[in-house]
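Q: Please read through the structure below; I'll follow up with questions.
Just so it is clear, none of the values below were taken in a lab; they were calculated from the coordinates. In this text the structure is predicted, and so the values were computed from the model without any measurement. With ideal geometry, Cβ positions are generated from the backbone for all residues, glycine too; neighbour counts draw on all protein chains shown.
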Amino acid sequence: MISNPPSRSYSDTTEYARDMQFRLHKSFEIVKKSLVLAAQKQESARLKVAKVKDVKVGDLVYCHTPAVKPGICRKLHHSNKGPYKVIKQFSPVNFELQLCSNPAKTVRTHVDHIVLIKGRKPVVQDEPGVVSDVVQPGTSGVGQVPDRGVSYNLRRRNQAGFVTN
C-alpha cells in the first residue's frame, strides 16, 4: 500500500528554520560518515594491488612504451625498450635513464614505465669500442644466472654484442 509522506505544518518560520537546520545537520553527518568509510575502502583496495619497485641509481631497466605506431601490429610490438641504466633520481617516482647502447640518449620517465631487470649486472666499459660484462675474479667467465638457472656467457663483447678474443 502506497502512502503519502507525512506532511509537516509549521506555525511560524522560525520553527521551520530550526527543523530544516536539524535535518541538514543530520544529512551532513550521514554524508561525512559515508565519505570516511568510502575513503577507507579505497585505501585498503589500493594497498592490495600497490607494487613497490625498488629502483636504485645504477640498476639496469627496460622502459615500457606501449604506444604503437600506425600500421604496426600491436601483438608483435616490442613494448619494452632498452636496456637502460638509471643515472639519476629526481623524486621517489621520477628517474632519468641512459640507453646502454647509445649513452648520449637519455629518457626521463615515471617508475610505472620502468621494468627492472633482475639477475643482470651493469655493463662496464674497459676500453673504447669494447664492452665486457662484470666477471667475478677467479672464474672462467661462464656463469649461471641465479634466478633462472640459464647458462649466461660473461665473455668480453664489442659494441655490437659479438664476442671478442
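Q: Output the direction-averaged projected area (hull surface divided by four) of the convex hull of the alpha-carbon atoms of region 1-123, in nm².
A: Orientation-averaged projected area of the Cα hull: 17.8 nm².
Q: Also, I was wondering about something else. For residue 39, what is the net charge nearby, where nearby means another residue's Cβ is under 15 Å from its Cβ and Lys, Arg count +1, Asp, Glu -1?
A: Counting the neighbours of residue 39, the net charge comes to +3.
Q: Highest first, please rank the peptides 89-102, 12-25 by the mean number of other Cβ atoms sitting within 10 Å of their residues.
A: 89-102, 12-25
Q: Taking the Cα-to-Cβ direction at residue 65 and at residue 118 and moving 7 Å from each Cα, how far apart do the two end points lie in nm?
A: Result: 2.6 nm between the two label points.
Q: Please work out how much length the chain gains when fully extended from residue 96 to residue 26, using 0.36 nm per residue of separation minus the C-alpha to C-alpha distance, in nm with one decimal.
A: 20.0 nm is the gain from fully extending residue 96 to residue 26.
Q: Could you pull the Rg and Dmax for region 5-47, using just the Cα atoms, both in Å?
A: Values for region 5-47 (Cα only, Rg and Dmax): 17.0, 54 Å.
Q: What is the packing order of peptides 46-54, 75-83, taking the mean over residues of other C-beta atoms within 10 Å and listing the highest first?
A: Descending mean neighbour count gives 75-83, 46-54.
Q: Can you tally the lysine pairs in region 21-115 where the Cα-Cα distance is under 28 Å and the two residues are eight or more apart, or on different chains?
A: Within region 21-115, the lysine pair count is 29.
Q: Same structure again: Taking 0.36 nm per residue of sequence separation and subtracting the Cα-Cα distance, how much length would be gained by fully extending the chain between residue 76 and residue 3, in nm to one decimal?
A: Contour length minus Cα-Cα distance gives 19.8 nm.
Q: Under a point-charge model restricted to the Cβ atoms of Lys and Arg (+1) and Asp and Glu (-1), what is the dipole moment magnitude of region 6-62 relative to its Cα centre, in debye to the nearest 20?
A: 300 debye
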